[in-house]
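None of the figures in this text is laboratory data; all of them are computed from the coordinates on show. This is a predicted model, so every value here is computed, not measured. Neighbour counts are summed over all protein chains in view; Cβ atoms, including those assigned to glycine, are modelled from backbone coordinates with ideal geometry.
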């Protein structure tokens with residue numbers, strides 16, 4: 001059945017648009033030395049991603065329907081991430097930061113798995129509404 005849908009003319013047009021095409025740096029405008037701006041865009045996107053997730057986890061932790069254990073795990077993940085004290089000191093070149101990269105996401109995953117699904121759905125809806133309102137506010141500022 002899926003193969004029949006993919007054989008339809010409209011589906012073939014979509015597939016043709018999705019297929020990768022060869023792109024040269026001159027057509028993308030990357031030859032003119034604009035690569036530093038790509039790094040700036042990457043860091044801005046990373047900043048927005050981290051900010052979104054921090055406020056999402058804060059919503060989960062502050063919700064009254066969230067059990068006590070996930071709240072403790074989320075706040076301990078935050079404290080461990082910003083704390084200069086860790087299991088392995090950050091002075092050690094790779095291993096010092098590697099434990100932060102492993103422990104913090106693990107604590108967050110365990111905490112989110114213990115949160116009731118209704119709380120997660122409500123918090124994601126709230127975050128989606130906030131994002132759409134922020135986008136609407138940004139579009140009105142541009143006018």
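Quick notes
- Pair residue 72, residue 44: separation of 7 Å Cα→Cβ label points (nm): 4.3
- Rg followed by Dmax, in Å, when the stretch 28-142 is reduced to its Cα trace: 18.2, 54
- FRET E, pair residue 121, residue 98, Förster distance 41 Å, beta-carbon r, rounded to 0.05: 0.75
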